[in-house]
1. Of all residues in region 37-76, how many are outside any helix (DSSP H, G or I) and either farther than 18 Å from residue 19 by Cα or at pLDDT below 90 (or both)?
Ligand SMILES: [Zn+2]
């Protein structure tokens, strides 16, 4: 897809773009515009919604079990995030069927 800078603010995020910012979004570290766009994508995209839910669940279980998460769990979480961000998880846009 050709990127048109003047459309970037308003076009929909691809699954890949969501994957890149989803951790920041879920950690409340994404800027407001990004957060709004991610939230809108998650509403429409079941796949990304499930990924978000998985991340939230991992975070929750980490904070529930121990005051300080053990390094192995942190490592798994980090690997999961990197996998999402690098697009190793096979994602495609549900509307266009386009590979992100
Ligand atoms: Zn998606």
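The values are calculated or read from the model by the stated rules, or taken from the named source; none is laboratory data. Just so we're clear, the structure is a prediction, and the values are computed from it rather than from any experiment. Here the Cβ positions follow ideal geometry from the backbone for every residue, glycine too, while neighbour counts run over all protein chains shown.
1. 5
Residue by residue, here is whether (1) surrounded by 12 or more Cβ atoms within 10 Å (Cβ to Cβ); (2) within 13 Å of the ligand (Cβ to nearest atom) holds:
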{"position": "14", "(1), (2)": "yes, yes"}
{"position": "18", "(1), (2)": "yes, yes"}
{"position": "23", "(1), (2)": "yes, no"}
{"position": "28", "(1), (2)": "no, no"}
{"position": "31", "(1), (2)": "no, no"}
{"position": "38", "(1), (2)": "yes, yes"}
{"position": "41", "(1), (2)": "yes, yes"}
{"position": "46", "(1), (2)": "no, yes"}
{"position": "59", "(1), (2)": "yes, no"}
